[in-house]
Structures are given as structure tokens and as C-alpha cells.
Amino acid sequence: MHSLQIDVDTSRRRIIDLTPELSLFCAGLGDGLVNAFVPHATAGLALMETGSGSEPDLAAALERLLPRDDRYGHAHGSAGHGADHLLPAIVSPSVTLPVLQGRVAFGTWQSLVLVDLNVDNPQRRVRFSFVASPPD
């Protein structure tokens, strides 16, 4: 297995496109599967169209689903931090994608994004792991 961890700062943007980093990681690796995993209790990964207004739409939808107020039992940190701990139940902390001839086989308009609404911790890690297909 081939693996790489990257560091991502989410202090300026809450939804960050990781497609270039994932594509670079997979370049030249042949056929197989790549997994992206964010080892945090308050962040997730998603496949979505980027650059068309979808990022603010996703952030707004998550704010409606998980309001930032004092209704949560998990109540430490900034206001509404309990919502941050529910995010990975809605936006998975991992995504697995096929890789063909060293290229991630994204669908049309798909990109991999990190979703992190937690303002208390903007320093994130993402691990990419590639498993090659067995030889024929």
C-alpha cells in the first residue's frame, strides 16, 4: 500500500477542494483503489461539483441541518460545537475511488472536498492510501 498524509488549513475556507492533491498522489500508480480519510471527529469528505456555487450551498444546507446553538449535549468549545461532532455522521470521514492508469476515475463534475465547519481547529490532516489491483 502506498500512503501519504497532507496538512490542510481550513481557517479561510470551510470547504476545500482536494482534487489536485489526490490526482497528484495517484499519478503513475496504475490501476487500483484510492482511499481518502480525514482522522478528525469534526470533519468529513465529500464528492461534489465545485466552482459553481455548490460550496456555499453545501455550507448553508449543513447550517440548516446542524444549527450552531446551545441545543447539543456535547457543549464545550465555541457556540454550536456539538454540531461539529455530528458532521461526520452526515459527511463521511472517508471516500474510496477507483484509479485507472494512474488517474482517479471521477465522474463528470466530481471533485473531492474536505468539509470542516469547526472553527475551533483549522489544522486538519488527510490521508491518501492507494491499493494496487492484483496482476492479471
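Computed from point charges on the beta carbon alone (+1 for Lys and Arg, -1 for Asp and Glu), the dipole magnitude for segment 2-132 about its Cα centre is near 140 Debye. Computed 3J(HN,Hα) for segment 90-97, one whole-Hz value per residue from the Karplus formula 6.51 cos²θ - 1.76 cosθ + 1.60 where θ = phi - 60°, is 9, 10, 4, x, 8, 9, 10, 10, glycine and proline marked x.
Give the order of GLU63, GLU55 when sorted by the count of other beta carbons within 10 angstrom, beginning with the fewest.
Working: GLU63 13, GLU55 20.
Fewest-to-most Cβ neighbours within 10 Å comes out as GLU63, GLU55.
Provide the gained length on full extension for the span ASP9 to ARG64, in nm with one decimal, where the gain is 0.36 nm per separating residue minus the Cα-Cα distance. Don't skip to the end; give the middle numbers.
Details: separation 55, 0.36 × 55 = 19.80 nm, distance 2.42 nm.
Result for the pair: 17.4 nm of gain on full extension.
Converting phi to 3J(HN,Hα) with the Karplus coefficients 6.51, -1.76 and 1.60 and the offset θ = phi - 60°, segment 21-35 yields 5, 5, 5, 5, 4, 7, 4, x, 8, x, 9, x, 10, 10, 10 Hz in sequence order, with x at every glycine or proline.
Tell me the net charge near HIS40. Cut-off is 15 Å between Cβ atoms, HIS40 excluded, with +1 for each Lys or Arg and -1 for each Asp or Glu. Intermediate values should be presented prior to the final figure.
Working: positive: ARG14, ARG124, ARG125, ARG127; negative: ASP7, ASP9, ASP84, ASP116, ASP120.
That works out to -1.
Projecting the Cα atoms of SER133, ASN118, GLY32 onto the dipole axis of the chain, where Lys and Arg carry +1 and Asp and Glu carry -1 at the beta carbon, places ASN118 farthest toward the positive end.
Neighbours of THR10 by Cβ distance under 9 Å: Lys/Arg scored +1, Asp/Glu scored -1, total +2. With a Förster radius of 30 Å applied to the C-beta separation of LEU86 and THR108, the computed FRET efficiency comes to 0.45.
The Cα-based radius of gyration and maximum Cα-Cα distance (Dmax) for segment 1-49 are 12.1, 35 Å. With coordinates expressed along the principal axes, the C-alpha atoms belonging to segment 70-120 extend over 48, 16, 16 Å, beginning with the largest. Pair-distance distribution P(r) for the chain, from all Cα-Cα distances in 5 Å bins starting at 0: 2, 10, 19, 21, 18, 12, 8, 5, 3, 1, 0, 0 percent.
Each reported figure results from applying straightforward, stated rules to the coordinates on display, with no laboratory input. Predicted model only: the values in this text are computed from it and were never measured. In this analysis, Cβ positions are derived from the backbone assuming ideal geometry, glycine residues included, and neighbour counts consider all displayed protein chains.
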